[in-house]
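Contents: one structure, followed by commentary.
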Amino acid sequence: MTHASTLARPSVTRPGARGRAHLPTAAALAGAVGLFAAARLLGVAVLALAARATGQQPLALLGRSWDSVWYLGIAAHGYGRTLHFGDGTVQSDLAFFPLYPALVRAVTAVSPLGWGAAGLAVSWLAAVVAAGGIHALGDRLYGRTPATVLVLLWGLLPHSVVLSMAYTEPVLTAFAAWSLYAVLTGRWVWAGALAALAGLSRPNGLAVAAAVLAAAGHEAWRRRGKTVHRLWTGAALAPLGWTAYVLWVGLRTGDVPGGYFRVQRLWGSRFDLGRGSLRFVRHLLLHGDRFVFPVALLTVAAAAVLYALLLADRAPLPLLVYAGVLLLIAFGGSGFFESKPRFLLPAFPLLLPLARALARTARARPWHATVVVGALAGLSFGYGAYLVVLARVPL
């Protein structure tokens with residue numbers, strides 16, 4: 001028997017118990033992933049109708065919007081693109097991590113798909129893998145019904161349209177979900193390797209490494225030094241992906257420790273403990289702004305409340321660390337306030353308290369749960385179409 005059970009409250013879950021070490025049944029996994037896929041397909045259908053009504057091409061919007069253009073450019077031509085603007089902003093493609101472009105390039109090499117279609121194929125497949133990982137983790141902690149609800153809620157977030165676009169959030173979430181599942185089942189080498197890949201996916205992929213390291217440190221302390229090499233191997237692997245790319249950008253720019261962070265500052269993005277975010281919130285409250293900004297503010301505030309609920313539920317340590325680091329990066333970073341809800345899309349553990357509550361409601365009052373899910377779907381599909389087709393602000 002492994003000792004991962006100490007990472008969570010025994011009355012809630014027994015992550016290390018061998019009797020639960022297997023994956024959910026194929027039928028349960030397929031059902032949850034099928035619900036997620038159906039939700040996202042309906043969302044894409046609503047977006048397609050909105051795009052057609054405004055004379056735009058839905059696949060072009062999904063495959064070549066905002067950051068997608070940068071990622072596809074890296075996939076096609078490698079790094080080296082820099083844009084200079086009159087206000088002093090310098091946008092370099094070195095701000096974008098390499099794993100997603102590499103996957104897109106691999107797909108184009110083995111298939112007839114073009115760059116945009118390949119980008120969508122990678123994102124859609126990653127979203128399905130992520131949904132499977134989220135369900136496996138939720139099933140291990142709380143059982144089949146809450147796990148299925150958790151997956152559905154993730155697919156119906158206001159910004160879940162991003163999961164259907166050529167963006168990196170599905171890739172990060174896929175590696176994160178399965179890495180966290182590996183931690184809870186005591187598979188430390190797998191956890192570290194998947195965390196390293198998450199670190200190559202996005203800047204906030206560092207949250208996965210932080211979760212693995214925290215869990216490994218807790219386990220080492222609990223065992224009082226009687227650890228196995230797999231634990232230390234996993235812990236050593238976890239931060240390698242993120243660290244390797246940051247150092248590579250430093251070498252390329254001639255500033256090894258600070259080159260990557262300078263690239264981000266020139267984009268207007270920096271970690272300032274939330275001062276920039278607070279200034280923008282003040283502006284929003286005093287002067288108002290476009291519709292997406294109040295929604296972003298409400299989404300970030302809701303995420304903080306959900307994290308408090310996750311703490312109150314005494315969720316397993318790696319989930320608390322993972323979601324907490326994602327929140328810290330989103331709250332503490334300045335610039336691109338409208339993108340903060342997207343940055344929080346991989347923070348699926350925040351939905352666990354809601355998933356458990358809705359699962360209880362579904363058992364006791366199924367029609368009430370149906371109304372709630374229907375309302376969430378309407379909001380998700382409508383707002384997602386608005387964001388991509390009409391809003392014209394960076395996602």
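Here are a few things to note about the model shown:
- Unique residue being basic (Lys, Arg), in a helix (DSSP H, G or I) and surrounded by fewer than 14 Cβ atoms within 10 Å (Cβ to Cβ) when the list is 262, 282: 282
- Condition broken by residue 96, with the remaining ones in (1) touching a helix residue (DSSP H, G or I) at 6+ places or on another chain (Cβ under 7 Å); (2) of a type outside the set (A, V, I, L, M); (3) over 18 Å from residue 169 (Cβ atoms) satisfied: (3)
- Elements of type helices (runs of 4 or more DSSP H) in region 302-369, at least 2 residues being touching a strand residue (DSSP E or B) at 6+ places or on another chain (Cβ under 6 Å) and under 19 Å from residue 146 (Cα atoms): none
- Test set (1) over 15 Å from residue 349 (Cβ atoms); (2) surrounded by fewer than 22 Cβ atoms within 10 Å (Cβ to Cβ) - residue 159 fails condition number: (2)
- As for region 185-192, it holds no residue that is farther than 27 Å from residue 26 by Cα and crowded, with 24+ Cβ neighbours inside 10 Å.
- Options 306, 310, 297, 358; residue that is in contact (Cβ under 8 Å) with a residue 60 or more places away in the chain, of a type outside the set (Phe, Trp, Tyr) and buried (at least 17 other Cβ atoms within 10 Å of the Cβ): 358
- Qualifying residue in region 120-128 (condition: of a type in the set (Gly, Ala, Ser), closer than 20 Å to residue 153 by Cβ and surrounded by 24 or more Cβ atoms within 10 Å (Cβ to Cβ)): yes
- The single condition among (1) part of a helix (DSSP H, G or I); (2) modelled with pLDDT of 85 or more; (3) in contact with a helix residue (DSSP H, G or I) (Cβ under 7 Å, 6 or more places away or on another chain); (4) among the β-branched types (Val, Ile, Thr) that residue 256 does not satisfy is (1).
The values are calculated or read from the model by the stated rules, or taken from the named source; none is laboratory data. Fair warning: this is a prediction, and the values are worked out from it, not measured in the lab. Reconstructed Cβ throughout: ideal geometry from the backbone, glycine too, with neighbour counts over all protein chains shown.
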